Amino acid sequence: MQACFAIHADCMGSSVTNVIQFSLPPKRDPHGSGEAFCIQCGHTWIAVAPAGTVDLECPECHTMKGKWRFEFQPAPGTMVRECDCGNQLFYLTPDGHLCANCGTYQGY
Ligand SMILES: [Zn+2]
Ligand SMILES: [Zn+2]
């Protein structure tokens, strides 16, 4: 945790000439890094991307179908629904479960 310094405008008066300009580290956009996987080809890698990035470019098949690996996943061996395309991620919509990879609704 970095300390935060605040300078009171009142204390400085009108003169700002003797204020030492301390150099701030170059402004960086917050980045996230972590394990990513591709729902297109199944490739996994360690991705670094600006915070808020949802779609990552897969270094293997170069589609934008890379996703962050989730913090939580079913335990290995747990039965999970899988689309014909191999994807296991779905949007749960009022119309049904929409495959996040190929865009087809799942039939039950
Ligand atoms: Zn891929
Ligand atoms: Zn699919």
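The values are calculated or read from the model by the stated rules, or taken from the named source; none is laboratory data. Not measured: the values here are computed from a predicted model. Here Cβ is always computed from backbone atoms with ideal geometry, including for glycine, and neighbour counts include all displayed protein chains.
Considering the stretch 65-81, and only residues there that are surrounded by 12 or more Cβ atoms within 10 Å (Cβ to Cβ) and closer than 19 Å to Ser33 by Cα, the residue that is nearest to ligand 2 (Cβ to nearest atom) turns out to be Lys65. Taking the condition out of contact with any Lys or Arg (no Cβ under 9 Å at 6 or more places or on another chain) and either assigned to a loop (DSSP other than H, G, I, E, B) or at pLDDT 90 or above (or both), does Gly42 pass? Taking the combined requirement at face value, the residue satisfies it. Note on the stretch 34-70: among residues that are farther than 14 Å from Asn101 by Cα and among the β-branched types (Val, Ile, Thr), the one that is nearest to ligand 1 (Cβ to nearest atom) is Thr44. How many residues does the stretch 89-104 contain that are of a type in the set (Gly, Ala, Ser) and either more than 9 Å from ligand 2 (Cβ to nearest atom) or touching a residue at least 40 places away in the same chain (Cβ under 8 Å) (or both)? Residues that pass the stated criteria total 2. Beta carbons closer than 8 Å, at least 6 apart along the sequence or on distinct chains, pair a first residue in the stretch 53-75 that is free of Cβ contacts under 8 Å to residues at least 40 places away in the same chain and part of a loop (DSSP other than H, G, I, E, B) with a second that is of a type in the set (S, T, N, Q) and within 16 Å of ligand 2 (Cβ to nearest atom) for Glu57/Thr63; Cys58/Gln40; Cys61/Gln40; Thr63/Gln40; Lys65/Gln40; Lys65/Asn101.
With the condition kept exactly as written, say whether any residue in the stretch 99-108 is modelled with pLDDT under 90, surrounded by 13 or more Cβ atoms within 10 Å (Cβ to Cβ) and touching a Cys at 6+ places or on another chain (Cβ under 6 Å). Within the stretch 99-108 (the criterion being modelled with pLDDT under 90, surrounded by 13 or more Cβ atoms within 10 Å (Cβ to Cβ) and touching a Cys at 6+ places or on another chain (Cβ under 6 Å)), the answer is yes, since at least one residue qualifies. Does Leu24 meet the test of being among the hydrophobic types (A, V, I, L, M, F, W, C), within 27 Å of the chain's Cα centre (by Cα) and at pLDDT 85 or above? When the stated conditions are applied, Leu24 does not pass them. Annotation: of all residues in the stretch 27-39 being hydrophobic (A, V, I, L, M, F, W, C) and part of a strand (DSSP E or B), the one that is nearest to ligand 2 (Cβ to nearest atom) is Cys38. What do you reckon, is Phe70 of a type outside the set (S, T, N, Q) and modelled with pLDDT under 90? Yes: the conditions hold for Phe70.
The condition (being within 16 Å of ligand 2 (Cβ to nearest atom), at positive phi and out of contact with any helix residue (DSSP H, G or I) (no Cβ under 7 Å at 6 or more places or on another chain)) is satisfied by just one residue among Gly107, Gly86: Gly86.
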